[in-house]
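Notes follow the structure.
Bear in mind that the values in this text are calculations on the coordinates, not laboratory data. Quantities reported herein were computed from a predicted structural model and do not represent experimental measurements. Glycine also receives a Cβ, built like all others from the backbone with ideal geometry; neighbour counts cover every protein chain displayed.
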Amino acid sequence: MKHTTNASFFLLMATGLPLIASIFRRFNIFRIYMAGAVRPVMVGLALLVAPVATFAQEINPNCTLIVPHDPLTAAGLATPYQLEATNPSDGPCHETDKNQTTFVQAAIIDLENGQISVYNPLVIDKGTTPAAPPVVPALPTRHVVALWFGFNGNNLALVSASQQNDLPQNHCVQGHGQFAYCNAVEFFKRANHFIKVGRLIVPPIGVDTTAHHEACPTVRSFFVVDQDQSDNLTTEYLFTPDGKIAQNTATNRAALPGSVVKGNPSDNRLLDVFIDGALGCTPWMAPNLADPGALVPALPLNELQARKFQAPPIAQIPLGNPFALDPPFTGRESLRQVNQYRRGVDQRQVNNPEDASTTKYCRKMRAVQPKKLFRDKSTFTAFRSPDSTVADTLFTFMAQRYVGSYEILKCESLLNKPVNVTLKKTEDNIVIDATLLQSKHDFTEQIPLDGDDSGNQME
């Protein structure tokens, strides 16, 4: 089988075409699906040199999610969200299309005891019905609910089903590409209060089972992050053979034979399923109100655990994050956008560009990620790949993800250093090995610490 080594990908990025960032996200090479899910469509890096018009005719990357009335109530949570095209002339949007699948996750905190539960609302196409009615959750008497949204395309817009002021009244924030949230700031405020007074216990992250016995990574570890950290969810849905969708519960799995599970590609899923699985670590999980007796991970649990236990250097959203640009993907760096995004995931607010420096982010990622990846190469090589059409093992998947993130964040120009990992690929563009290229300076360079490393507190 013919192999290639570190082909010159992202050629289009060098042309300065304004749509390239959007095209890249639309054909996201880093999509992560739960084991057993339908295989996602992956476009190899070398294929990005195809003409822009080719991509524009294929899939509409911009969809709108119709948010039910009173979305933070039990009735609102149990009402299916409806997906439609933002601009129908660009083509339809379908929840069953792997490039447009949209996910919603809710977390509920009980104000009597501080305990957190999770509920994953359902998404279906506008005008359709679910394969099974969503479970109406039993919410605590006094509670706070928050919502987070993940999307497999480029830009997800939220609109209210009631045409009232539901979105502002429920503190919904959008305009961050694939990511949006509702009432997250209040949720994290209450959760952090209960943590502070000892009524909500965040489980320790533990240590991994490698020979080095290091602390298990979190979503704010520079070993885990990519170009757009803290995006998307751990939500998963059941897709039936006839194209209908249901919540992933034990009842529905039994009642809908032949269904498959699809999950949201994200840092959260990569960590909770694959990295934790390889390292012998366990994510923090909470009761699933749609599936009695089941425990599930969640984005807010990951962020709260990272806030409490992630040691420096601590990864928090930088100015160069594509979702934090104004507008996302193609716009300018924006402190307002960075802080707005950070508020939705309980991260430190910043007052000047240096506090969210992409240069510092690149330097820390370069210092941390390849070192652990190659030191524990055998561990990651022994674990399955999130997608075998991209890379043959978790090790090679992580390697190509790092190389891509280094490119997207423009780390080479910011650091004046080329990427320090080369990829070996088959003629089909599947990564089958990687090599670490480190100079003496890389081994001796100190990791720079800054305000993000002094703590995770909101300011």
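Quick check: from the Cα gyration tensor, does segment 162-217 come out rounded (a/c under 1.5), prolate or oblate?
Working: a/c = 5.44, a/b = 1.91, b/c = 2.85.
Taking the square roots of the gyration eigenvalues as a ≥ b ≥ c, segment 162-217 is oblate.
Taking the Cα centre of each part, how many Å lie between segment 58-78 and segment 251-327?
About 20 Å separates the Cα centre of segment 58-78 from the one of segment 251-327.
Any idea how far apart residue 428 and residue 295 come out in nm if each label point goes 7 Å out from Cα toward Cβ?
3.8 nm
From the residues 192, 176, 122, which one has its Cα farthest along the dipole of segment 3-453 in the positive direction, the dipole being from +1 and -1 charges on Cβ of Lys/Arg and Asp/Glu about the Cα centre?
Final value for the positive-end residue is 192.
When 309, 397 are ordered from fewest to most other Cβ atoms inside 10 Å of their Cβ, what list results?
Details: 309 17, 397 25.
Fewest-to-most Cβ neighbours within 10 Å comes out as 309, 397.
Apply 1/(1 + (r/R0)^6) to the Cβ-Cβ distance of residue 209 and residue 417, taking R0 = 51 Å, and write down the FRET efficiency to the nearest 0.05. Please report the intermediate quantities before stating the final value.
Values: r = 33 Å, r/R0 = 0.64.
Computed FRET efficiency for residue 209 and residue 417 comes out at 0.95.
Starting at the first residue of segment 348-357, write each ³J(HN,Hα) from the Karplus equation 6.51 cos²θ - 1.76 cosθ + 1.60 with θ = phi - 60°, in whole Hz, x for Gly and Pro.
Once θ is set to phi - 60°, the couplings for segment 348-357 become 4, 7, 10, 10, 8, x, 5, 6, 10, 5 Hz.
Determine the gain in length on full extension of the stretch residue 330-residue 254; use 0.36 nm per residue of separation and subtract their C-alpha separation, reporting nm with one decimal. Before the final figure, lay out each step's value.
Values: separation 76, 0.36 × 76 = 27.36 nm, distance 4.50 nm.
Computed gain between residue 330 and residue 254 is 22.9 nm.
Kindly identify segment 109-186 as rounded, prolate or oblate by the Cα gyration tensor criterion: order the square roots of the eigenvalues as a ≥ b ≥ c, call it rounded if a/c is under 1.5, otherwise compare a/b with b/c, prolate if a/b is larger, else oblate. Display every interim value, and only then the final one.
Working: a/c = 1.78, a/b = 1.28, b/c = 1.38.
Oblate shape, in that a/c is at least 1.5 and b/c is the bigger or equal ratio.
So which lysines pass the test for residue 196, namely a Cα distance under 17 Å, with those fewer than 8 places away in the same chain ruled out?
Straight-distance partners of residue 196: 308.
Please arrange 160, 89, 378, 405 by counting, for each residue, the other beta carbons lying within 10 Å of its beta carbon, fewest first.
89, 378, 160, 405
Please list, or write none, the lysines whose alpha carbon is within less than 17 Å of the alpha carbon of residue 410, excluding same-chain residues fewer than 8 places away.
Straight-line reach from residue 410, under 17 Å: 360, 364.
Step through the residues of segment 111-127 one at a time and calculate ³J(HN,Hα) from phi using the Karplus curve (6.51 cos²θ - 1.76 cosθ + 1.60, θ = phi - 60°), rounding each to whole Hz and writing x for Gly and Pro.
6, 7, 10, x, 7, 10, 10, 10, 9, 9, x, 8, 10, 9, 5, 4, x
Is the shape of segment 64-169 rounded, prolate or oblate, going by the alpha carbon gyration tensor and its root eigenvalues a ≥ b ≥ c, with a/c under 1.5 for rounded and a/b larger than b/c for prolate?
prolate
Please report 417, 262, 244 as a ranked list, fewest other C-beta atoms within 10 angstrom at the top and most at the bottom. Can you show the working numbers first?
Numbers: 417 16, 262 25, 244 19.
Ranking 417, 262, 244 by Cβ neighbours within 10 Å, fewest first, gives 417, 244, 262.
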